[in-house]
1. Listed residues Ala293, Ala299, Ala333; which is within 25 Å of Val192 (Cα to Cα), aliphatic (A, V, I, L, M) and open to solvent by less than 60 Å² (accessible area, probe 1.4 Å)?
2. If you take the residues in the range 29-79 that are part of a loop (DSSP other than H, G, I, E, B) and either free of Cβ contacts under 8 Å to residues at least 24 places away in the same chain or more than 23 Å from Glu264 (Cβ to Cβ) (or both), which one is most open to solvent (accessible area, probe 1.4 Å)?
3. Restricting to the range 116-140, what's the tally of residues that are over 22 Å from the mean Cα position of the chain (by Cα) and either of a type in the set (Lys, Arg) or more than 21 Å from Val232 (Cβ to Cβ) (or both)?
4. Does Val194 meet the test of being in contact with a Lys or Arg (Cβ under 7 Å, 6 or more places away or on another chain), in contact (Cβ under 8 Å) with a residue 40 or more places away in the chain and among the hydrophobic types (A, V, I, L, M, F, W, C)?
5. Only one of Ala21, Ala94 is open to solvent by 70 Å² or more (accessible area, probe 1.4 Å) and modelled with pLDDT of 95 or more; which?
6. Lys203 - would you say it is within 16 Å of Met153 (Cα to Cα), among the basic types (Lys, Arg) and either at pLDDT below 95 or in contact with a Cys (Cβ under 8 Å, 6 or more places away or on another chain) (or both)?
7. Which one of these does Val219 not meet: (1) of a type in the set (A, V, I, L, M); (2) farther than 25 Å from Met82 by Cα; (3) crowded, with 18+ Cβ neighbours inside 10 Å?
Amino acid sequence: MKKFAVLILTAWMAAGAAWAAERPKVTIYTSMYEDIIEAMTDVLAEKFPDYDVEFFYGGTGTLQAKIAAEMDTQKLGCDILMVADPSYALELKAKGVLHPYLSKEAAHLAFEYDPEGCWYPVRVSNMILAYNPEKYKKEDVPRTFGDFAGESMKGVGSMSNPLTSGTALVAISALKDKYGYGYYDKLGANRVMVESGSVALTKLETGECKEIMILEESVLKKREEEDSAIEVIYPEDGTICVPSPIMTVKNEWSAHGHEKVCEELTDWFLSAEGQKYIVKAWMHSVRKDYPEAPYDAIATADIVADSMPVNWQRCLDERAELRTNFEERVKNAAK
């Protein structure tokens, strides 16, 4: 009897292993926050039980370096990319890495997408300013990105690192276009702290920082989950909107070669249902017909209407130059 039970168990385990091996696997490289990835993993497992979908997290700069190394081997470790910087989609398309697919959801998108279907915006992150009303009065903190680099912010400001963060790179590109490289010199002269958003928020809470340049979603998350008093300031010289893309890698370049599965996943991420989870994760929807903004945020259309222009092609063409100038004029100047 015992021997029979062992045989049944072995057969059951073998069947389970075979089922798992038969499920098409898709690996997604993404820069979304890890707790959001965890939630998305559970949702995708429920929505697509016949597929094995896994996420690999990294900052956009880190993922770009990883992909650059993988391209030397003619094979990427992923099938889908969801990184922050839209200009990276332009680069990968030009290199012939992306799979063109005309999504049935494209007509509902409020933001630009590739006419050949190589990339679509899938979530909108916004670079804003934030302060702590328990430590500073609102009338005493800058209301513009321009003033954020002013003398009143000497030693009390913080921002993310554009050498590793895609949204921070977009921000310094837009700010360079508006104010010139002199803006970087002012940040450096003020000894702005360059660090992660979580560290910056902690310094805002303690009063070490007077104001920080940060993603809106980081503040909204803290307000909802921790009942934090930290407030968003939508800069009067324009919020920097970043419609981050989703891209499918061509079969010959991808880790597992399941373009059709990736198309199905892309449609879901762009659908009203998929966008519900984007908005729940404190980012804005890319759809024209999505009715809600994230928790405690103002309407997406209002943010877009007052946003600072970003030239995506220039952001791509000047990427190395922007990072070098930031390193020299901001980080090195602050040492």
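The values are calculated or read from the model by the stated rules, or taken from the named source; none is laboratory data. Keep in mind the model is a prediction, meaning the values are calculated, not measured. Ideal geometry is used to build each Cβ from the backbone, glycine not excepted, and the neighbour counts take in all protein chains shown. Just so you know, the surface numbers come from the protein's heavy atoms only, side chains and all, with ligands and any DNA or RNA stripped out. Shrake-Rupley method; radii C 1.70, N 1.55, O 1.52, S 1.80 Å.
1. Ala333
2. Per the criteria, the residue is Asp72.
3. Total satisfying the criteria: 4.
4. Yes, satisfied.
5. Ala94
6. When the stated conditions are applied, Lys203 passes them.
7. Val219 satisfies every listed condition except (2).
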